[in-house]
Each structure stands twice: as C-alpha cells, then as structure tokens.
1. Name the single residue that is modelled with the highest pLDDT among those in segment 154-182 being surrounded by 11 or more Cβ atoms within 10 Å (Cβ to Cβ) and not charged (D, E, K, R).
2. Given His135, His78, His139, His86, which one is touching an Asp or Glu at 6+ places or on another chain (Cβ under 6 Å) and surrounded by 14 or more Cβ atoms within 10 Å (Cβ to Cβ)?
3. Can you go through Val108, Val97 and tell me which one is touching a Phe, Trp or Tyr at 6+ places or on another chain (Cβ under 8 Å), assigned to a helix (DSSP H, G or I) and modelled with pLDDT of 95 or more?
4. Between a residue in segment 121-140 that is closer than 16 Å to Leu69 by Cβ and any residue that is part of a loop (DSSP other than H, G, I, E, B) and β-branched (Val, Ile, Thr), which pairs come within a Cβ distance under 6 Å, given they are 6 or more apart or on different chains?
5. Being in a loop (DSSP other than H, G, I, E, B) and of a type in the set (Gly, Ala, Ser) narrows it down to one residue among Ser169, Ser158; which is it?
6. Which residue out of Leu80, Leu101, Leu93, Leu76 is closer than 17 Å to Ser130 by Cα and touching a strand residue (DSSP E or B) at 6+ places or on another chain (Cβ under 8 Å)?
7. Out of segment 91-120, which residues are among the polar types (S, T, N, Q) and touching an Asp or Glu at 6+ places or on another chain (Cβ under 8 Å)?
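The values are calculated or read from the model by the stated rules, or taken from the named source; none is laboratory data. This structure is a prediction, so every number in the text was calculated from the model and none was measured. Cβ coordinates were reconstructed from backbone atoms using ideal geometry, including for glycine residues, and neighbour counts include every protein chain displayed.
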Amino acid sequence: MTVDKIQKEDTDQSKLFEYVNGEQSSIRRTNKLKDKLVPCPFCEIIRNQNKPEPPRRILFHDDNTAAFLDRRPVYLGHTLVVPIKHYETLLDLPVEVVPPLFSNAQLVARAVRTAMNADGIFLAINNNVSQSVPHLHIHIVPRKFGDGLKGFFWPRRSYKNDEEMNRISESIRQAIEAELEY
C-alpha cells in the first residue's frame, strides 16, 4: 500500500490529506491538540474492513457506502452509514453519490429496525456543528415508544408571526433558485 501526503489549502484552514492507493482520506487536526494530526477514523474503519481480528465493524459495504455501529450509541444498534470516499459534509457530496448513499441508508434503516425490534428509526446528519468526525455520516438510531428520547435533541422554537415565517420562506426559496441556476 502506498501512502502519500499532500497539503491542500482551504479557505478556512490548511488541511492535510492522505492518499492511499490513489484514494483520498482526511487527516484532521484534533480539537484538543491543535498541532496533532490524526487520520479520519471512518476512513480507517473502511480501509481496515477486511482484517480478520475482531471487532469486525463493517455491517454493510458496496462501491459507494459502508455501514458500521456507532462506538457511542444513543441506543444499542445505532448505526452509521458513510460514503466510502471522504466527503466532510452533505454539501460536499457529489450529486451522483446521493442516490446510492440514501438508498443504502434506507436499506440499513430497515435492517436495524428489524434486527433491534424497533418501533421506528431516527435519522440524522450533522454538518460541521455537532459533527464529531468530519466525514459525512448518517445516524440510524433504533427507537421504541417510550424510550425517553424527546423529539429532537435541541429546543424547538416558534416563528414570531406569519410575516417572519413568510420572510424566511422567501429567503430560502430564493437561495434554492440560485443553487438551481448554478
């Protein structure tokens, strides 16, 4: 296996990328030790998926995605679905990778619901804020009625009035139109 490291300039910060057999994965700076560089843990799991020693972490993989258990689950069976190639957020994901990623998330969600005898599934994606690993991942969390998880993990708010709701709706609509034109 060949490993090359190159520096790639980013507008926010300098990032270091590792290329293993031509595939890009991130080496990220930790929050605790700003100068310490550590490999992306999800890229490491994917890269080591065929090693025989336990725990065998990959639950599912194909050419585009992999799924494995979250190390710190909200509930047992909490699974992460990630793209094989390293993309930090949903906004970085190429449009052609969206269908296989979400099709496989749906497949894994059905399997988690069945395997965990769950009443339902909670799906979540964090982008930058609350994203502990900067590699896009979809959380699939099995739920039971009365499990104690209340709605979302953050407080809900109301719009001040219909005018505020309409103003924000129009702003988002215009941003969508601009994205479609881009």
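1. Restricting to residues being surrounded by 11 or more Cβ atoms within 10 Å (Cβ to Cβ) and not charged (D, E, K, R), the top hit is Tyr159.
2. Numbers: His135 fails: touching an Asp or Glu at 6+ places or on another chain (Cβ under 6 Å); His139 fails: touching an Asp or Glu at 6+ places or on another chain (Cβ under 6 Å); His86 fails: touching an Asp or Glu at 6+ places or on another chain (Cβ under 6 Å).
From the options His135, His78, His139, His86, the qualifying one is His78.
3. Just a single option satisfies the conditions, and that option is Val97.
4. Ile138/Ile125
5. One residue alone meets the criteria, Ser158.
6. Leu80
7. Taking segment 91-120 as the starting set, the residues that turn out to be among the polar types (S, T, N, Q) are 103-104, 106, 114, 117.
Matches in segment 91-120: Asn104 only.
Residue-wise test of (1) modelled with pLDDT of 90 or more; (2) aromatic (Phe, Trp, Tyr); (3) under 27 Å from Phe60 (Cα atoms).
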| residue | (1), (2), (3) |
| --- | --- |
| Asn104 | yes, no, yes |
| Ile121 | yes, no, yes |
| Gln131 | no, no, yes |
| Val141 | yes, no, yes |
| Lys144 | yes, no, yes |
| Gly148 | no, no, no |
